[in-house]
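For reference, the structure is listed below as structure tokens.
What follows is calculated from the coordinates using simple rules that are stated; it is not laboratory data. Note that the coordinates shown come from a computational prediction; the quantities given were computed from them, not determined experimentally. Every residue, glycine among them, receives a Cβ derived from its backbone with ideal geometry; neighbour counts consider all protein chains shown.
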């Protein structure tokens, strides 16, 4: 009986650790709006340092890049992404994390590939208010 209790406890501990890791790796963002020539996002919780890249939302898939900004891991408040182009209120964007893999501090979409988690890019859909 003791062995099965330990095995059950170990599997619960592993499940809790993996659930915690999965939760820590997700990207969360809220309340995006266009102000002047910036996309302003009230709050972004990022799993890692890197580029937060704003893509036009094309039927749930990332389209053209409309802005990017370097952010730090953890909570980032009042993130201002310089807007390259136009976005209409009510339109959607996809915020996607990209690694800073090329020249440090310079965004290059060919070198700074999307941050991947479970074979998928770390991203979140946001509606512009």
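Sorting the segments 106-118, 64-76, 87-99 by their residues' average number of neighbouring beta-carbon atoms within 10 angstrom, most packed first, yields 87-99, 64-76, 106-118. Taking all C-alpha pairs of the range 27-127, those more than 17 Å from each other amount to 45 percent.
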